[in-house]
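Before any comments, here is the structure.
The values are calculated or read from the model by the stated rules, or taken from the named source; none is laboratory data. Please read these numbers as outputs of a predicted model, since none were measured by experiment. Cβ sites come from the backbone with ideal geometry, for glycine too, and all protein chains shown count toward neighbours. Surface areas here come from the heavy atoms of the whole protein model, side chains and all, with no ligands, DNA or RNA. Shrake-Rupley method; radii C 1.70, N 1.55, O 1.52, S 1.80 Å.
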Amino acid sequence: MTSRDFIVVTTTHASEEEARALATAVVRERLAACAQVYPISSVYRWEGEVRSESEWRVDFKTRADLFDRLAKSITDKHAYDTPEIVGVPLVTGSAKYLDWVNDETVQE
């Protein structure tokens, strides 16, 4: 595998509890090797209004071929009508770290 076979998938939640619960569930399902949860401040347009909210961001480290399954899992568990689910490909990464991500995610 090369670094291009891996992605970081991002979503946000309104609460830390929801973000941590999702992170735990996804890692438990082995759809991601790890998840980072941290507070952010978001400014966005929703239903014709510009809003500013505190949210909790979750970054999942996973394989690119697991994106569809991970996106479905996030959607199924998410409270938002339209959750952010964005996958960003890796350009490069430590071979040992990427081997670990591969080993810790579900094998098809």
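Accessible surface computed residue by residue for the chain, with neighbouring protein chains in place and a 1.4 Å probe, gives 60 Å² per residue. Size descriptors for segment 23-108: radius of gyration and Dmax over Cα atoms are 14.6, 46 Å. Neighbours of GLU18, meaning other residues whose beta-carbon lies under 11 angstrom from its beta-carbon, give a summed charge of -1 when Lys and Arg score +1 and Asp and Glu score -1. Normalised by the number of residues in the chain, the mean separation of alpha-carbon contacts (under 8 Å, six or more apart) gives a relative contact order of 41 percent. Among the GluC sites (Glu not before Pro) found in segment 55-105, not one is both in a DSSP coil and sparsely packed, with 11 or fewer other Cβ atoms within 10 Å of its Cβ. If R0 is 25 Å, the Cβ-Cβ spacing of ALA21 and ARG51 corresponds to a FRET efficiency of close to 0.60. The order of TRP56, TRP100 by accessible area, most exposed first and with a 1.4 Å probe, is TRP100, TRP56. Helix-only arithmetic for the chain: the sum of -39500 (n - 2.57) across DSSP H runs with n ≥ 4, divided by the residue total, places the mean residue ellipticity at 222 nm at -9500 deg cm²/dmol.
Maximal additional length on extending the ASP99-THR82 stretch stands at 2.9 nm, based on 0.36 nm per residue less the C-alpha distance.
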